[in-house]
1. Report, ordered by the first and then the second residue, all pairs with beta carbons closer than 6 Å, sequence separation of six or more or different chains, a first member in region 137-166 that is within 26 Å of E120 (Cα to Cα), and a second member that is surrounded by fewer than 18 Cβ atoms within 10 Å (Cβ to Cβ) and of a type in the set (F, W, Y).
2. Working only within region 61-85, note down all residues that are hydrophobic (A, V, I, L, M, F, W, C) and either buried (at least 19 other Cβ atoms within 10 Å of the Cβ) or in a loop (DSSP other than H, G, I, E, B) (or both).
3. Those residues that are of a type in the set (D, E, K, R) and surrounded by 22 or more Cβ atoms within 10 Å (Cβ to Cβ), I need them from region 21-60; list them, please.
4. If you go through region 86-100 one residue at a time, do you hit one that is surrounded by 20 or more Cβ atoms within 10 Å (Cβ to Cβ), modelled with pLDDT under 95 and in a loop (DSSP other than H, G, I, E, B)?
5. How many residues does region 36-67 hold that are in contact with a Pro (Cβ under 7 Å, 6 or more places away or on another chain) and under 16 Å from G185 (Cα atoms)?
6. Residues in region 101-123: is at least one at pLDDT below 95 and surrounded by 16 or more Cβ atoms within 10 Å (Cβ to Cβ)?
7. From K201, K142, which residue is under 19 Å from the mean Cα position of the chain (by Cα) and among the basic types (K, R)?
8. Evaluate the following for I251: is it touching a residue at least 60 places away in the same chain (Cβ under 8 Å) and β-branched (V, I, T)?
Amino acid sequence: MKAERFLIVLFAVLLITVSAFSQSKKVKHVVLIGCDGLGAYALPDADMPNLKKMMNEGAWSLKARSVLPSSSAVNWASMLMGSGPTMHGYTEWGSAVPEIPSVDINRYGMFPTVFSLLKEQQPAAVSALIYSWSGIDPLVEKEATAIRVSSGDNDDFCADTAALIIREQKPVLTFIHLDQPDGVGHNIGHHTPEYFNELKKVDARIGKIVRAVQEAGIAEHTVILVSADHGGKGKGHGGKSLDEVQIPWVIYGKGIKKGHQLNSTIITFDTAATIAKLLGLNMPQSWRGQPVMEAFK
């Protein structure tokens with residue numbers, strides 16, 4: 001009997017130890033970087049050492065897709081809301097309210113975003129929204145974000161502010177929206193030397209945010225995800241060409257496979273589902289996104 005009791009106690013201790021170890025090693029922070037107008041077509045030839053290092057040390061796809069139309073608000077909404085426009089109702093480039101009624105309304109009067117899931121399920125968690133384009137503001141519940149900053153179309157200020165917030169506040173969830181290279185795409189054009197030159201600046205901003213995670217001392221518990229709302233063709237987007245629809249999807253950090261090219265089909269609303277999975281959040285039935293499980297070790 002004494003031996004049996006000893007084994008029972010030993011087994012219980014082992015379970016507690018394993019549980020504690022697992023808890024200490026889990027993902028505690030997610031940083032989502034959204035680059036407006038970054039077409040997947042551009043990455044192979046782009047001079048983007050920071051992003052390519054994340055690809056080499058993480059998992060990635062250059063065949064992820066936007067929803068249609070391949071425009072901004074409808075896709076940023078889908079990325080954060082875990083579903084497409086027929087569900088959340090934001091259907092246009094500059095949608096600030098749903099053009100068709102959302103199929104699901106949360107306590108904040110909106111279709112649920114990953115921010116509201118975090119707020120409801122982990123009320124003490126700090127979240128941060130830092131954005132360059134004002135059209136991001138109406139797509140995320142104000143009551144669900146602890147920190148909310150608009151950079152007024154200044155991507156350098158946006159990246160600097162995000163880096164400062166990450167170092168000092170260490171949010172559980174951070175979304176940084178960068179307005180470039182979309183501006184160059186519209187004013188000069190995609191597939192141009194100017195567009196590729198702008199990508200160098202975009203990459204420098206991504207690098208600044210990655211370094212902030214390291215300087216904050218949270219890199220061992222953080223996953224960073226980089227994606228886009230759409231690509232482009234000529235001086236526009238919104239159409240159905242692959243240059244407009246295909247977007248990069250790069251994930252890097254705690255528990256992510258290294259140097260792994262993803263074979264899974266990915267659509268932008270899978271981003272919210274993946275973040276929810278990483279942070280242990282239950283997804284609402286109205287979401288259609290699926291976590292990209294292939295990326296996980």
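The values are calculated or read from the model by the stated rules, or taken from the named source; none is laboratory data. Being a predicted model, the structure only gives us computed values, none of them experimental. Please note: Cβ atoms are built from the backbone with ideal geometry, for glycine as well, and neighbour counts cover all protein chains shown.
1. What qualifies is E141/Y108; E143/Y108.
2. Keep residues of region 61-85 that are hydrophobic (A, V, I, L, M, F, W, C), which gives 62, 64, 67-68, 73-74, 76-77, 79-81.
Scanning region 61-85 gives A64, V67, L68, A73, V74, W76, A77, M79, L80, M81.
3. Step one: list which residues in region 21-60 are of a type in the set (D, E, K, R), which gives 25-26, 28, 36, 45, 47, 52-53, 57.
Hit for region 21-60 is D36, nothing else.
4. Among the residues of region 86-100, not one is surrounded by 20 or more Cβ atoms within 10 Å (Cβ to Cβ), modelled with pLDDT under 95 and in a loop (DSSP other than H, G, I, E, B), which makes the answer no.
5. So the answer is 4.
6. Step one: filter region 101-123 for residues at pLDDT below 95, giving none.
No, the conditions are met nowhere in region 101-123.
7. Working: K201 fails: under 19 Å from the mean Cα position of the chain (by Cα).
None of the other options fit; the residue is K142.
8. On the way: touching a residue at least 60 places away in the same chain (Cβ under 8 Å): yes; β-branched (V, I, T): yes.
In short, yes.
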